[in-house]
1. List the residue pairs whose Cβ atoms are under 6 Å apart, where the first residue sits in the range B:261-280 and is over 19 Å from B:Arg195 (Cα atoms) and of a type in the set (D, E, K, R), the second is more than 16 Å from ligand 1 (Cβ to nearest atom) and not in a helix (DSSP H, G or I), and the two are 6 or more positions apart or on different chains.
2. Are any of the residues in the range B:321-341 away from ligand 2 (no atom under 16 Å from the Cβ), free of Cβ contacts under 8 Å to residues at least 60 places away in the same chain and surrounded by fewer than 20 Cβ atoms within 10 Å (Cβ to Cβ)?
3. Residues being in contact with a strand residue (DSSP E or B) (Cβ under 6 Å, 6 or more places away or on another chain) and closer than 15 Å to B:Phe73 by Cβ: count how many of those fall in the range B:97-115.
4. How many residues does the range B:291-308 contain that are within 13 Å of ligand 2 (Cβ to nearest atom) and among the aliphatic types (A, V, I, L, M)?
5. Looking at the structure I just gave you, is B:Cys313 within 14 Å of chain A (Cβ to nearest Cβ), crowded, with 20+ Cβ neighbours inside 10 Å, more than 19 Å from B:Gly272 (Cβ to Cβ) and within 12 Å of ligand 2 (Cβ to nearest atom)?
6. In the range A:27-56, which residue that is within 11 Å of the chain's Cα centre (by Cα) and small (Gly, Ala, Ser) is nearest to the other protein chains (Cβ to nearest Cβ)?
7. Could you tell me whether the range B:253-263 includes any residue that is at pLDDT below 95, among the aromatic types (Phe, Trp, Tyr) and in contact with a helix residue (DSSP H, G or I) (Cβ under 8 Å, 6 or more places away or on another chain)?
Amino acid sequence: MEEYLQNIERLSQNTDCVFREEEDGAFLFDPESGNLKFINGMGVNIYQLCDGNMTVGDITSLVSENYKDISGKKIEDDVKIFLQELVKMEFLKKEEAGNDGK
Amino acid sequence: MTGNNAEYQLNSIYLYLTDRCNLRCRHCWIEPLYYEGREDNSSEFDLRSLKKAIEDAKEIGLNRVKLTGGEPFLRRDILDIVAYLHAQNITVDIETNGTLIDKEIVEALKVNCVNQVSVSLDSMTEEQHEIFRGVKGCYHDAVKGLSLLAGSGINTQLIMTLYKENVSEIERLVELSSRMGVGSVKINPVMPTGRGKRFFEKEENVEFGDLIKIDRWIEEELMSKYKIDIHFDIPIGLKSLKCIRTRQLFECNLFNIIGILSDGTISLCGIGQTETALNMGNIAVDDIREVWANNPILRKVRTDIPRNLEGICSRCIFKFRCRGACRACAYGLTGSLNSPFFVCHEAYEKGLFLESRMIN
Ligand code: SF4
Ligand code: SF4
């Protein structure tokens with residue numbers, strides 16, 4: 001059973017993976033596992049917010065503010081699914097509990 | 001690591017029915033013997049060994065066989081082989097030069113539910129096709145074969161080998177295919193292996209920068225104009241982003257394919273015809289399951305690809321998906337299965353390989 005991301009969790013980029021921007025998005029590639037994923041422009045913005053300081057809740061609220069015409073709940077779910085996928089593919093890492101990321 | 005590991009399941013066999021051909025194509029990587037008639041050839045594998053190999057291979061995952069050659073229809077018992085494979089529930093694809101296809105053959109292929117027949121045609125200009133394929137009269141025979149197949153409802157594909165001089169024929173062949181009801185067009189730039197070497201020596205191959213331009217033109221204009229699927233075979237690393245995200249692309253299936261040459265030799269795809277060091281046994285005496293599980297060449301390929309690919313392939317973010325494009329071609333050119341694929345290597349040398357697709 002997959003662990004669901006909590007709003008208080010902080011995520012950071014896995015620096016062993018490469019991030020390569022193209023026209024309207026970017027590739028994430030893990031040279032070790034071979035995992036490769038293309039993320040679109042919005043995905044790039046979300047990925048870049050994962051700096052180890054912002055929580056999942058902070059990120060979803062920030063994204064919701066930019067998409068006022070879509071329901072907050074829908075955005076929150078979509079962002080969490082996206083982040084969860086990047087965690088699963090190990091492009092993002094969960095910060096250890098107790099580490100405030102600063 | 002064993003042959004039963006899901007990633008290394010033997011799904012597909014390239015079956016070289018004969019080493020004879022009734023044409024003398026200037027680009028052919030197999031360099032078959034020229035032969036007109038449909039006589040029997042004692043050096044070709046017998047049906048009994050083939051059946052044993054197919055039945056054994058089915059136990060480790062086989063579900064698809066591509067019949068190729070030489071010209072596969074030169075082999076007398078091709079229709080028996082097709083019927084046998086169909087009875088074994090195996091998906092059958094055939095690659096042919098189309099010149100020997102007649103109504104009876106088409107009927108038999110239909111009855112046995114052949115999945116796809118690919119016919120080679122390089123130009124709408126009779127003279128150009130015949131200079132390339134090396135035999136007078138082959139243009140009309142090939143077009144007739146293609147039309148019989150497409151008209152019968154069999155999923156037909158036109159395969160064009162591309163070199164400098166026939167670039168202007170692309171659209172005409174696509175138009176013909178679309179008009180005839182051919183399912184798809186596959187365009188393979190000529191490779192510098194087998195007879196294809198001479199194209200490169202004489203600089204008759206399409207330049208690498210132009211390959212990329214042709215790819216984009218096909219994708220942006222030709223496909224929508226003719227509403228037909230066109231596969232332009234250049235490696236993923238050189239494709240457009242849209243194409244990478246939405247289409248099935250050129251990938252080496254070496255982990256799931258084995259070749260059986262016309263004399264029964266078990267080989268890495270078809271390369272064993274010219275590179276005998278890559279031969280792994282013979283279906284007359286060896287158990288294909290054992291070869292698949294334990295042969296040192298296959299074991300090495302499974303460890304080395306993609307992790308030990310060299311040059312630009314080692315730095316490419318698509319290497320796990322692409323696996324260095326055609327490893328057989330790389331081997332034919334350099335004697336190493338790990339060497340970079342020449343198209344991406346040349347593109348990189350010329351500054352045409354995008355930085356965003358490389359690591360380090
Ligand atoms: S550089 Fe190698 S692995 Fe990458 S796309 Fe080209 S052939 Fe494939
Ligand atoms: S090595 Fe070449 S011929 Fe063999 S499976 Fe790969 S792409 Fe096909």
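1. Pairs found: B:Asp263/B:Ser43.
2. There is no residue in the range B:321-341 that is away from ligand 2 (no atom under 16 Å from the Cβ), free of Cβ contacts under 8 Å to residues at least 60 places away in the same chain and surrounded by fewer than 20 Cβ atoms within 10 Å (Cβ to Cβ).
3. Qualifying residue count, the range B:97-115: 3.
4. Total satisfying the criteria: 4.
5. no
6. Among residues in the range A:27-56 that are within 11 Å of the chain's Cα centre (by Cα) and small (Gly, Ala, Ser), the one nearest to the other protein chains (Cβ to nearest Cβ) is A:Gly43.
7. Among the residues of the range B:253-263, at least one is at pLDDT below 95, among the aromatic types (Phe, Trp, Tyr) and in contact with a helix residue (DSSP H, G or I) (Cβ under 8 Å, 6 or more places away or on another chain), which makes the answer yes.
For (1) at pLDDT 95 or above; (2) within 20 Å of B:Leu173 (Cα to Cα), each residue gets a yes or a no:
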| position | (1), (2) |
| --- | --- |
| B:Asp77 | no, no |
| B:Asp80 | yes, no |
| B:Thr99 | no, yes |
| B:Lys110 | yes, no |
| B:Glu127 | no, yes |
| B:Ser147 | yes, yes |
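The values are calculated or read from the model by the stated rules, or taken from the named source; none is laboratory data. A quick note: this is a predicted structure, and the numbers were derived from the prediction, not measured. Glycine also receives a Cβ, built like all others from the backbone with ideal geometry; neighbour counts cover every protein chain displayed.
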